[in-house]
Amino acid sequence: MIKKIVIFLLLSTSLIACSCANIKLEDRIKSTSDIYIGKLLSFNQAINKEHGYPFIQSKFELVKVLKGKELPLLNLVTGLGGGDCGISMNLNKNYLIFQNENDNRISICDGSTMLNYQNSYIVNKVIKYLED
């Protein structure tokens, strides 16, 4: 019985986990039109009226353009995290944002992430790749 429970738990967690996180940085850079560093000004949770699922609406101030066109503010949406691959939101923190033109969705699948001392090296990798 215990074996069945352990197997069930292992299968359950893998089904709800986001499965796109192993995409190479170079592939993410190539496949997106705009890459920014943005500071999170505000966010709120909303419900998609058509499908009924929750998501987060966010507003970012543009700090730096790494690729693409300059915009004064970025109004973006993401999931709540976990199985929907959304990004956790923390006010006044800087984010690396991979965004495609005419698409206001961001997720860990496209490479978007909150920047901190552990992953700030990614910005340098993006800049170096774009300069080459």
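The values are calculated or read from the model by the stated rules, or taken from the named source; none is laboratory data. These figures come from a predicted structure and were not determined experimentally. With ideal geometry, Cβ positions are generated from the backbone for all residues, glycine too; neighbour counts draw on all protein chains shown.
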- Task: Mind telling me which of the residues Asn75, Asn102 ends up being modelled with pLDDT of 85 or more, in contact with a strand residue (DSSP E or B) (Cβ under 7 Å, 6 or more places away or on another chain) and among the polar types (S, T, N, Q)?
- Result: Asn75
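If you take the residues in region 98-132 that are outside any helix (DSSP H, G or I) and of a type in the set (A, V, I, L, M, F, W, C), which one is nearest to Ser58 (Cα to Cα)?
Taking the candidates together, the pick is Ile106.
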- Task: Report, by residue number, each residue of region 91-132 that is hydroxyl-bearing (Ser, Thr, Tyr) and within 19 Å of Ile23 (Cα to Cα).
- Result: Tyr95, Ser107, Ser112, Thr113, Ser120, Tyr121, Tyr129
- Message: Just to check your reading of the model, which residue among Gln99, Gln118 is among the polar types (S, T, N, Q) and in contact (Cβ under 8 Å) with a residue 24 or more places away in the chain?
- Response: Gln99
- Item | Members of region 95-111 found to be of a type in the set (Ser, Thr, Tyr) and touching a Lys or Arg at 6+ places or on another chain (Cβ under 9 Å), listed by number | Tyr95
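Each row is one residue, and each column tells you yes or no for (1) part of a helix (DSSP H, G or I); (2) under 18 Å from the mean Cα position of the chain (by Cα); (3) among the aliphatic types (A, V, I, L, M); (4) modelled with pLDDT of 85 or more.
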| position | (1), (2), (3), (4) |
| --- | --- |
| Val6 | yes, no, yes, no |
| Leu9 | yes, no, yes, no |
| Cys18 | no, yes, no, no |
| Asp27 | yes, yes, no, yes |
| Ile37 | no, yes, yes, yes |
| Ala46 | no, yes, yes, yes |
- Item | Among the residues listed as Lys59, Lys67, the single one being of a type in the set (Lys, Arg), in contact with a helix residue (DSSP H, G or I) (Cβ under 8 Å, 6 or more places away or on another chain) and either in contact (Cβ under 8 Å) with a residue 12 or more places away in the chain or under 16 Å from Lys30 (Cα atoms) (or both) | Lys67
- Query: In region 66-101, which residues are of a type in the set (A, V, I, L, M), surrounded by 14 or more Cβ atoms within 10 Å (Cβ to Cβ) and out of contact with any Phe, Trp or Tyr (no Cβ under 6 Å at 6 or more places or on another chain)?
  - Reply: Leu66, Leu71, Leu76, Leu80, Ile87, Leu96
